[in-house]
Amino acid sequence: MKTFENFEEAFLSQTGLNNWCGDYQNLETGIENIDRIQFSLGDVFWAVMADGYQLDDYEEWVTQYGFTADGRWAAVEGGHCSCYGWEEMEEKDITYYPSLEVLLKADANANIILTHKDILKEALPFLEI
């Protein structure tokens, strides 16, 4: 498993990511919700995505969760058709939350963060969960 000691190191590992095929291995944890991050957007390290994102062989819709250098949490939703790639999200679509607690109250699907809390902390020891 990859580990990152600080936000900058983690963030740089995702720069330019836009690979909806799933070949990219984010932290190499063996957990699909963590390793198949679908896209990189904004100044956010995208750490995990919600369950149930596969619609069919040609379309996906995901909600990804991540955090910023200043400790805010973020969520973004996006979809794609395999014919066209990711096209439905922009930086303006990212919702920022002042804390994980606020995110969890706003979005029940964000519990995926707590589900994988231990593995995220192991890969990102600087992360406060």
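The values are calculated or read from the model by the stated rules, or taken from the named source; none is laboratory data. Predicted model only: the values in this text are computed from it and were never measured. Every residue, glycine among them, receives a Cβ derived from its backbone with ideal geometry; neighbour counts consider all protein chains shown.
Every residue, every condition in (1) modelled with pLDDT of 80 or more; (2) outside any loop (DSSP other than H, G, I, E, B); (3) acidic (Asp, Glu); (4) surrounded by 19 or more Cβ atoms within 10 Å (Cβ to Cβ), yes or no:
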position	(1), (2), (3), (4)
27	yes, no, no, yes
33	yes, yes, no, yes
43	yes, no, yes, no
52	no, no, no, no
61	no, yes, no, no
76	yes, yes, no, yes
92	yes, yes, no, no
96	yes, yes, no, no
105	yes, yes, no, no
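Among the residues of the stretch 107-118, the one identified as more than 14 Å from the chain's Cα centre (by Cα) and either part of a loop (DSSP other than H, G, I, E, B) or surrounded by 17 or more Cβ atoms within 10 Å (Cβ to Cβ) (or both) is 107.
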